[in-house]
Amino acid sequence: MKDKTVFICQSCGAHSPKWMGRCHACGEWNTLVEEVEDEAPSGGISYAPTEPVLYKDIQDIPRQRLTVGIEDFNKVLGGGLVSGSLVLVGGEPGIGKSTLLLQVARDMAAGEATVLYVSGEESLEQIKLRGDRLGVRDGRLFLLAETNLERILAQAERLAPNILIVDSIQTVFSAKMTSGPGTISQVREAANQIFRYAKNRQVPTFLVGHITKDGTLAGPKSLEHIVDVVLLFEGERDHSHRVLRAMKNRFGPVSELAVFEMTAAGLQPILNPSAFFLRERPREEVGSAVVCTVKGTRPLLAEIQALVSSTLFTGNPRRMTIGLDHYRTAMLLALVEKKAGYSFAGEDIYLNVAGGISIDEPAVDLGVVMAVVSSLKNVPLPQDMAFFGEVGLSGEIRSVNQPLVRIKEAHSLGFGTVLLPAGNLAALDKNDLPAIQCVGAKTVRQALDHIF
Ligand code: TYD
Ligand code: MG
């Protein structure tokens, strides 16, 4: 059969018979690339006749889990690495994916496992240079600089490692396909074949995937449904901390996250993220409020900073937020004006979460309100007070989940008072509370009155 060419969107994978400037499926511009449509690229599944099986007759597969060295990494994986699972680690270039996985390789090799680390991006010497910084010692850690999929799999078959790492999936290509390396067909084919290898040989496998700046896995968005686990490795380039979290996990919850600091000797887990993010908090500063948020099951204290200053030029005052939801913040500002009688007319308002983290939890609402009013009035909030609570449109403060976890975190970091939703406080068993003063508020006005 003659090879047929099609145009495939490199962003979403949609096919089109002819070139178009804009993908009809996802609306991205200039993403269609001509590719040769290979005859059903190996596909993987052979359709042997199957029969329906009664649910109770299906056997449990004992899910064996390996532990990777870093404790928090295990948690993100849902309690360790399931054998035969395919894990995609996505992140922007330079964020530290190779570093993280080389550390995993180091720890696993130190624990008697045979590890195969395949790199299509760096030479063996470059990897060794990094390995030296990370303190890689002797152990059965094998490196392979290769991009040819068939050769990679042949080497994996030969070596039979306990864990396989492919860095990155975008560099791997199958010689059986005519499309160029990095195209979506190639990436998908490589992922499919590696998936089959992982399942057949029960070898847990990590794939590194580069993400474009808008947050999508470059090209292989379509990988997300092939692999078992999708982890995202994120951070701001000019900050040293990195956050690893699960976006999809067939073997566990997706709520856990791990925080790392990039140091001269690689990624160090941050065991106390709250202390880390508050470490540079100024004392008695106006416009600064500490909020108790929860990410996954883990509490995190963060500092919200607000700056309210008169608009210099007539015209629309500025409203800028970094790390907070812009629309939600606008709503809160409108609400404070309407319900608490403050006016932001002619004021520019800037809001920021210190340390470059972003928070998307409504439980920070109360802290945002407090920070803004503190800056407007030029009065600092009590230094040892922390806040949490969702603010509703009529100015009521609504209960949020896991109040006790939040209170305990504030207590353990030495805060003396927590201002929280009255509903949460009423529902808590006083015997569970740590030695910290808890002040419940029903409305924004009550909360503001308590302080100002
Ligand atoms: P890298 O793992 O190469 O990123 P990725 O694979 O996601 O593209 O890490 C890139 C950055 O990490 C690089 O700018 C250097 C920095 N780095 C450190 O700060 N300390 C270290 O010990 C290592 C190995 C890297
Ligand atoms: Mg890399």
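The values are calculated or read from the model by the stated rules, or taken from the named source; none is laboratory data. On a predicted model such as this, the values are computed, not experimentally measured, just so you know. Glycine gets a Cβ as well: all are built from the backbone with ideal geometry, and neighbour counts include every protein chain shown.
Points worth noting:
- Some residue of region 339-351 being over 24 Å from residue 396 (Cα atoms), buried (at least 18 other Cβ atoms within 10 Å of the Cβ) and acidic (Asp, Glu): yes
- Of the residues making up region 375-422, those that are hydrophobic (A, V, I, L, M, F, W, C) and under 18 Å from residue 332 (Cα atoms) are 376, 387, 388, 391, 393, 397, 400, 419, 420.
- Residue check for residue 140: more than 27 Å from the chain's Cα centre (by Cα), without any contact (Cβ under 8 Å) to a residue 24 or more places away in the chain, more than 11 Å from ligand 1 (Cβ to nearest atom) and farther than 28 Å from residue 15 by Cα: no
- Extreme residue, farthest from residue 190 (Cα to Cα), among residues of region 95-143 that are assigned to a strand (DSSP E or B) and within 16 Å of ligand 2 (Cβ to nearest atom): 143
- Out of 157, 92, 150, 146, sole residue that is among the acidic types (Asp, Glu), in the same structural domain as residue 247 (by TED's automatic domain parsing) and within 13 Å of ligand 2 (Cβ to nearest atom): 92
- A count restricted to region 154-187 and to residues that are part of a helix (DSSP H, G or I) and either free of Cβ contacts under 8 Å to residues at least 24 places away in the same chain or surrounded by fewer than 20 Cβ atoms within 10 Å (Cβ to Cβ) (or both) stands at 6.
- Residue that is nearest to the chain's Cα centre (by Cα), among those in region 241-253 that are surrounded by 17 or more Cβ atoms within 10 Å (Cβ to Cβ), away from ligand 2 (no atom under 16 Å from the Cβ) and closer than 21 Å to residue 210 by Cα: 245
- Some residue of region 268-288 being under 21 Å from residue 358 (Cα atoms), within 16 Å of ligand 1 (Cβ to nearest atom) and in contact (Cβ under 8 Å) with a residue 24 or more places away in the chain: yes
Yes/no matrix, rows are residues, columns are (1) modelled with pLDDT under 90; (2) within 16 Å of ligand 2 (Cβ to nearest atom); (3) assigned to a strand (DSSP E or B):
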site: 200; (1), (2), (3): no, no, no
site: 208; (1), (2), (3): no, yes, yes
site: 237; (1), (2), (3): yes, yes, no
site: 255; (1), (2), (3): yes, no, no
site: 261; (1), (2), (3): no, no, yes
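- Which listed residue is more than 30 Å from residue 78 (Cα to Cα), in a helix (DSSP H, G or I) and either β-branched (Val, Ile, Thr) or in contact with a Gly (Cβ under 6 Å, 6 or more places away or on another chain) (or both), from 329, 321: 329
- Some residue of region 119-131 being within 22 Å of residue 159 (Cβ to Cβ), of a type outside the set (Gly, Ala, Ser) and away from ligand 1 (no atom under 13 Å from the Cβ): yes
- Selected residue (only one of 379, 373, 368 is β-branched (Val, Ile, Thr) and exposed (fewer than 15 other Cβ atoms within 10 Å of the Cβ)): 379
- Selection from region 418-438 of residues that are buried (at least 17 other Cβ atoms within 10 Å of the Cβ) and either assigned to a loop (DSSP other than H, G, I, E, B) or among the polar types (S, T, N, Q) (or both): 424, 433, 436
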